Amino acid sequence: QVQLVESGGGLVQPGGSLRLSCAASVSIFTFNAMGWFRQGPGKERELVARITSIGSTNYADSVKGRFTISRDTAKNTVYLQMNSLKSEDTAVYYCNAQDYRERWGQGTLVTVSS
């Protein structure tokens, strides 16, 4: 059974950085794409960043230049480096993977607050 396990969330001050990790229980080449979504308080879930099996990336406009998605294929792990964090980045962040269906991690909470 495919599992995605996120880690790295927490409380950070505005302007700070965090790195989220998503470890897959299978080779990440199994998936057509992997990504990070987030859902803030009272908001719908939205795409933050995505990386395809060939390494192409795309980002939400709100995080371009601040967030970077990357992967370590040897560790079957995808990362989200988040810099210059803002209060509006506060959300539960979910790892997502696509093969013949959508797969989700359990989510990790990121709180940006002074």
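In the range 1-63, which trypsin sites (Lys or Arg not before Pro) are in a loop and have at most 11 other Cβ atoms within 10 Å, using DSSP for the loop call? Don't skip to the end; give the middle numbers.
Working: sites: 19, 38, 43, 45, 50; in loops: 43, 45.
Passing sites in the range 1-63 are 43.
At 1.4 Å probe size, with every protein chain present, just tell me what the per residue accessible area of the chain comes to in Å².
52
Only Lys, Arg, Asp and Glu count, each charged at its Cβ (+1, +1, -1, -1), so figure out the dipole size of the chain about its Cα centre, rounded to 20 debye. Don't skip to the answer; put the middle values down first.
Details: 12 positive and 9 negative charges, 24 e Å.
Taking the Cα centre of the chain as origin, the dipole is about 120 debye.
Return the long-range amide H neighbours of residue 26 (sequence gap of 5 or more, or a different chain), with a cut-off of under 5 Å between placed amide H atoms.
Amide H to amide H, under 5 Å and 5 or more residues apart or across chains, residue 26 pairs with 3.
Counting only other residues whose beta carbon sits under 14 Å from that of residue 84, what net charge do I get with K and R as +1, D and E as -1? All intermediate terms of the calculation are to be shown ahead of the outcome.
Details: positive: 19, 64, 66, 86; negative: 88, 89.
Its environment carries a net charge of +2.
Given a 10 angstrom Cα cut-off, can you work out which residue in 42, 15, 65 is the most mobile in a GNM of the chain?
Looking only at 42, 15, 65, the biggest GNM fluctuation is shown by 42.
For residue 71, list long-range residues whose amide hydrogen, built 1.01 Å from N in the peptide plane, is under 5 Å from its own amide hydrogen.
The list, which skips near neighbours in sequence, is 79.
With all protein chains present, how much of the accessible area of the chain (probe radius 1.4 Å) comes from carbon and sulfur, to the nearest whole percent?
Carbon-and-sulfur percentage of accessible area, whole number: 46.
Give me the number: length gained by fully extending residue 98 to residue 27, i.e. 0.36 nm times residue separation minus the C-alpha to C-alpha distance, one decimal in nm.
Numbers: separation 71, 0.36 × 71 = 25.56 nm, distance 1.25 nm.
Fully extending the segment from residue 98 to residue 27 adds 24.3 nm.
Roughly what would the spin-label model give for residue 47 and residue 62, points 7 Å off Cα along C-beta, in nm?
According to this spin-label approximation, the distance is 1.5 nm.
Using only alpha carbon pairs under 8 Å that are at least six residues apart, calculate the relative contact order of the range 34-114 and give it in whole percent.
On the way: 138 pairs, mean separation 23.0, N = 81.
Reported as a whole number, the value is 28 percent.
If you take every residue apart from residue 26 with its C-beta less than 13 Å away from the C-beta of residue 26, what net charge results, scoring Lys and Arg +1 and Asp and Glu -1? Provide the component values of the computation, followed by the final result.
Working: positive: 75, 103; negative: 99.
Local charge sum for residue 26: +1.
In sequence order, what are the phi-derived ³J(HN,Hα) couplings for the range 42-50 according to the Karplus relation 6.51 cos²θ - 1.76 cosθ + 1.60 with θ = phi - 60°, rounded to whole Hz, with x for glycine and proline?
Coupling constants for the range 42-50: x, 10, 7, 5, 9, 6, 9, 7, 8 Hz.
Could you work out which residue, out of 60, 24, 74, moves most in a Gaussian network model of the chain, that is, has the largest mean-square fluctuation with Cα springs under 10 Å?
74
The values are calculated or read from the model by the stated rules, or taken from the named source; none is laboratory data. These figures come from a predicted structure and were not determined experimentally. Virtual Cβ from ideal backbone geometry, glycine too; neighbours counted across all protein chains shown. Please note that ligands, DNA and RNA were not included when accessible areas were found on the heavy atoms of the full protein model with its side chains. Shrake-Rupley method; radii C 1.70, N 1.55, O 1.52, S 1.80 Å.
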